[in-house]
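Down below is the structure, laid out as structure tokens.
Read-outs: derived from the displayed coordinates by stated rules, not from any lab. Please read these numbers as outputs of a predicted model, since none were measured by experiment. Don't worry about glycine lacking a Cβ; one is built from the backbone with ideal geometry, like all the others, and counts go over all protein chains shown.
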Amino acid sequence: MILKVVKYGEPVLRKKGARIESITPEIKKLIADMFDTMYAQKGVGLAAQQVGHALQLTVIDVRGATDRPSSLELKGQPAEVESFMPLVLINPELTLTGEKAAGPEGCLSFPEVFAEISRPQFVDVKASNEKGKPIEFRAGGLLGRAIQHEWDHLQGILFIDRMEKKTKEELKPELDAIQSETKAELAAGKK
Ligand code: ZN
């Protein structure tokens with residue numbers, strides 16, 4: 001089922017997600033719906049906050065982005081990204097490594113907004129998968145960037161918080177427009 005993706009200005013986007021202690025049928029359904037929603041919107045990642053749930057849960061699939069390479073290491077050995085997708089991360093913990101590099105990012109909660117964001121090039125991830133099994137890997141390239149972007153969502157952090165001041169100022173009209181539209185929708189819904 002395709003869910004509504006909430007936009008900038010919606011308070012849930014600023015909420016830190018609660019840990020998930022067990023994979024209930026509700027969580028399984030939410031994961032399936034989040035994949036449906038992410039694929040429908042042609043995104044490479046989606047956090048639970050973006051569909052209205054403040055939880056430590058994100059879904060990722062970089063296979064659609066063929067023009068931007070990703071890297072993966074399992075137990076220190078290079079591994080194939082394709083067969084590791086799609087990816088569900090529950091209660092993820094990240095350790096960031098490597099030099100920072102700038103790369104383009106967008107966000108389904110910020111339609112039509114794109115900016116260069118500087119982030120460490122690699123990320124070591126510890127998380128549970130959709131079966132509640134522990135997983136551990138190192139990701140780089142687009143996958144590393146997507147994981148960092150989604151982890152931020154789980155803490156209530158948005159990519160505008162990572163933008164250079166100048167970039168954010170340039171985008172202010174677009175950002176303000178999304179926020180006022182969201183606020184107007186919320187106000188109308190409360191009537
Ligand atoms: Zn996002």
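Can you pull out every residue in the range 1-31 that is more than 24 Å from Ile178 (Cβ to Cβ), loosely packed, with under 14 Cβ neighbours inside 10 Å and out of contact with any Asp or Glu (no Cβ under 9 Å at 6 or more places or on another chain)?
Our first condition is that a residue be more than 24 Å from Ile178 (Cβ to Cβ); within the range 1-31, this holds for 1, 18-31.
Next, from what is left, pick out any that are loosely packed, with under 14 Cβ neighbours inside 10 Å: 1, 19, 21-22, 24-26, 28-29.
Across the range 1-31, the qualifying residues are Arg19, Glu21, Ser22, Thr24, Pro25, Glu26, Lys29.
So which residues in the range 65-84 are of a type outside the set (A, V, I, L, M, F, W, C) and under 24 Å from Glu105 (Cβ atoms), if there are any at all? Spell out how you get there, then give the answer.
Quick first cut of the range 65-84, residues of a type outside the set (A, V, I, L, M, F, W, C) only: 66-71, 73, 75-78, 80, 82-83.
Within the range 65-84, Thr66, Asp67, Arg68, Pro69, Ser70, Ser71, Glu73, Glu82 qualify.
Evaluate the following for Ala115: is it under 23 Å from Ser71 (Cα atoms), within 15 Å of the ligand (Cβ to nearest atom), in contact with a helix residue (DSSP H, G or I) (Cβ under 7 Å, 6 or more places away or on another chain) and in a strand (DSSP E or B)? Walk me through it before giving the result.
Details: under 23 Å from Ser71 (Cα atoms): yes; within 15 Å of the ligand (Cβ to nearest atom): yes; in contact with a helix residue (DSSP H, G or I) (Cβ under 7 Å, 6 or more places away or on another chain): yes; in a strand (DSSP E or B): yes.
In short, yes.
Taking the range 84-100, which residues are crowded, with 16+ Cβ neighbours inside 10 Å and at negative phi?
So in the range 84-100, the residues crowded, with 16+ Cβ neighbours inside 10 Å come out as 84-85, 87-92, 94.
If the condition is that a residue be crowded, with 16+ Cβ neighbours inside 10 Å and at negative phi, then Phe84, Met85, Leu87, Val88, Leu89, Ile90, Pro92, Leu94 are the ones that fit.
Please name all residue pairs, on different chains or six or more residues apart, with Cβ atoms under 7 Å, provided the first residue is in the range 127-155 and is touching a residue at least 24 places away in the same chain (Cβ under 8 Å) and within 21 Å of Glu80 (Cβ to Cβ) and the second residue is part of a helix (DSSP H, G or I) and within 16 Å of the ligand (Cβ to nearest atom).
Ala139/Ile147
Do we have any residue at all in the range 121-135 that's out of contact with any Asp or Glu (no Cβ under 8 Å at 6 or more places or on another chain) and assigned to a helix (DSSP H, G or I)?
no
Of the residues that make up the range 139-161, is at least one acidic (Asp, Glu) and either out of contact with any strand residue (DSSP E or B) (no Cβ under 9 Å at 6 or more places or on another chain) or more than 19 Å from Ala115 (Cβ to Cβ) (or both)? If you could, list the steps in order and put the result at the bottom.
Of all residues in the range 139-161, those acidic (Asp, Glu) come to 150, 152, 161.
Those still in the list that are either out of contact with any strand residue (DSSP E or B) (no Cβ under 9 Å at 6 or more places or on another chain) or more than 19 Å from Ala115 (Cβ to Cβ) (or both) too: 161.
The answer is yes, given that some residue of the range 139-161 is acidic (Asp, Glu) and either out of contact with any strand residue (DSSP E or B) (no Cβ under 9 Å at 6 or more places or on another chain) or more than 19 Å from Ala115 (Cβ to Cβ) (or both).
Within the range 145-173, count every residue that is in a helix (DSSP H, G or I) and within 15 Å of the ligand (Cβ to nearest atom). Explain how you work it out, then say what you get.
To start, the set of residues in the range 145-173 that are in a helix (DSSP H, G or I) comprises 145-155, 159-162, 165-173.
Within this subset, residues satisfying the condition of being within 15 Å of the ligand (Cβ to nearest atom) are 145-155, 159-162, 171.
Selection size over the range 145-173: 16.
Please identify the pairs in which a residue from the range 15-33 that is among the acidic types (Asp, Glu) has its Cβ atom under 6 Å from the Cβ atom of a residue that is surrounded by 12 or more Cβ atoms within 10 Å (Cβ to Cβ) and not in a helix (DSSP H, G or I), counting only partners at least 6 apart or on another chain.
Asp33/Leu3
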